[in-house]
Amino acid sequence: MAIPPQIRAQAAAAQLLFWLPRPVRRLLAGPPLRLDGQELALDAQLLLRLQKLNGGGLVNGSVAQSRTLLELGTHLVSGKRIEPVSAREIKIPADGGALEATLYTPAGLPEPSGLLVFFHGGGWVVGSRATHDNSSRYLAKHAGVRVLSVEYRLAPEHPFPAPVEDALAAFAYAHAKAAELGADPERIAVGGDSAGGNLAAVVALETTRAGGPAPAFQLLIYPAVDFRTRQRSRDLFADDLFLTDESIKWFQGHYVPEGTDLADPRLSPLLASDHSGLPPAFVVTAGFDPLRDEGEAYAEKLRAAGVPVGLSRQPDLIHGFLNFTGVGSRFREAVAEMAGALRLGLAGTKNESRA
């Protein structure tokens, strides 16, 4: 999608705002926001202020409108394209038809390397490889791995379990074709943010229960893992913090067919009866995120089952921060941490500490 001149101008203006002196940024953002013993980062509060002025958000009218506006809005916060990282288009055979994917390779990375099979966020309804292009590039470059970003089918055209089937097909392809992708089949991770974190967790669970091959590592970024239980954070952070309770309901309404068992582990991996034997995981949550508590509950469930797990709460950030590395410095700090965890995870180092 070509970037309209208006969006380019707005992106440049946003960049400048985040370089203003801190007292000026605080004046623009408003008084500090404190909830649940946490204070929202100034970068996050300023971004939310800009979003409100711009009328943006994850859900904007119809499905088609929401998809288009998210694609355009990404350019306001993702920053300049991260280089040097090459991108090669891949087609993945799947029951629903060939899936489009992009293989990102940092310059100078030898073969075979670790590989992250990445599933983008967006509530299974919006988002794409394009909205997560710079996120994939960042993880590839700073973790020193190849990243295979997958364009799985979206609801409401393709509701549950179609995205799960696509995610499983993508991982199976990556493992079977590891040599062609320049990857070590023993060092393939799954990861994603939000809805993509859900798909990554489900792939790890389903492949392990099937006897493998299974991922070597899981990078779960503020994942949605429980459709049945309403956690405390859903009420604490229900409004005005990028991902809202209303938008969560909108996404679920499009993704989950009426009559679906919400405890199905392919939908709610937290509710699976057995988590033993799953690959090591690094779970990232945001302090001001309605999904915070279920993500942390999943980390605890994995730990209780004997799975090596690192849990990192970014107490001053909001849902979606993986995509905000182009503005401010606080978001980049948080994403750099998860890139480091991915590097360690695919180097064979178990991260068993709680950040």
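The values are calculated or read from the model by the stated rules, or taken from the named source; none is laboratory data. Please read all numbers here as calculations on a predicted model, not as lab measurements. Note: ideal-geometry Cβ built from the backbone for every residue, glycine included; neighbour counts use all protein chains shown. The protein model used for the area step is the full one, side chains on, heavy atoms only, and it has no ligands, DNA or RNA in it. Shrake-Rupley method; radii C 1.70, N 1.55, O 1.52, S 1.80 Å.
Cross-linked pairs 141/177; 141/249; 52/80: Cα-Cα separations exceed 25 Å for 141/249.
Only Lys, Arg, Asp and Glu carry charge here, each on its Cβ (+1 for the first two, -1 for the last two); on that basis the chain has a dipole of about 1060 debye about its Cα centre.
Solvent-accessible area of region 80-346 (1.4 angstrom probe, protein heavy atoms only): carbon and sulfur portion equals 51 percent.
Once you list every other residue whose beta carbon is under 11 Å from the beta carbon of residue 83, what net charge do they have if Lys and Arg are +1 and Asp and Glu are -1?
Numbers: positive: 80, 81, 137, 141; negative: none.
With Lys, Arg at +1 and Asp, Glu at -1, the net is +4.
Ranking 183, 321, 197 by Cα position along the charge dipole of the chain, where only Lys, Arg, Asp and Glu carry charges on their C-beta atoms, puts 321 farthest toward the positive end.
Using only the Cα atoms of region 1-62, construct the convex hull and provide its projected area averaged over every direction, in square nanometres to one decimal.
Taking a quarter of the hull surface, the average projection is 5.8 nm².
Using just the C-alpha positions of region 168-244 as equal point scatterers, what log10 of I(q)/I(0) does the Debye formula give at each q in 0.19, 0.21, 0.23 1/Å? The Debye formula, applied to the Cα set alone, gives -0.80, -0.91, -1.03.
Calculated [222 nm] ellipticity per residue, helices only, for the chain: -12000 deg cm²/dmol; basis is -39500 (n - 2.57) per DSSP H run with n ≥ 4, divided by all residues, nearest 500.
Its Cα gyration tensor gives region 160-291 an equivalent ellipsoid; the semi-axes, largest first and in whole Å, are 27, 16, 14.
Taking the DSSP beta bridges in region 80-346 as the whole, what percent of them are antiparallel, to the nearest 5? Intermediate results must be reported in sequence, preceding the final value.
Details: 13 of 40 bridges.
Taking every DSSP beta bridge with both residues in region 80-346, the antiparallel ones total about 30 percent.
Near residue 159: Cβ cut-off under 11 Å, other residues only, Lys/Arg at +1 and Asp/Glu at -1. The net charge is -1.
With charges only on Cβ, +1 for K and R and -1 for D and E, what is the dipole size of region 63-191 about its Cα centre, in debye, rounded to 20?
In debye, rounded to 20, region 63-191 gives about 400.
Compactness ratio for region 1-124: Cα radius of gyration over 2.2 N^0.38 Å (N = residue count) comes to 1.37. With every protein chain in place and a 1.4 angstrom probe, the accessible-area ranking of 124, 250, 19, largest first, reads 19, 250, 124.
Derived scalar couplings between HN and Hα for region 113-124 equal 10, x, 9, 9, 8, 10, 10, 6, x, x, x, 6 Hz in order, rounded to whole Hz, by the Karplus curve 6.51 cos²θ - 1.76 cosθ + 1.60 (θ = phi - 60°), x for Gly and Pro.
On average, how much accessible surface per residue is there in region 80-346, in Å², for a 1.4 Å probe, leaving out ligands, DNA and RNA?
Details: 8880 Å² over 267 residues.
Here the per-residue accessible area is 33 Å².
Of the GluC sites (Glu not before Pro) found in region 84-185, those in coil by DSSP whose Cβ has at most 15 other Cβ atoms within 10 Å are 157.
So, counting K/R as plus one and D/E as minus one, what does the shell of residues with Cβ under 11 Å around residue 145 add up to?
+3
With viscosity 1.567 mPa s and temperature 4 °C, the Kirkwood radius over alpha carbon pairs of region 80-346 converts through Stokes-Einstein to a diffusion coefficient of 72 µm²/s.
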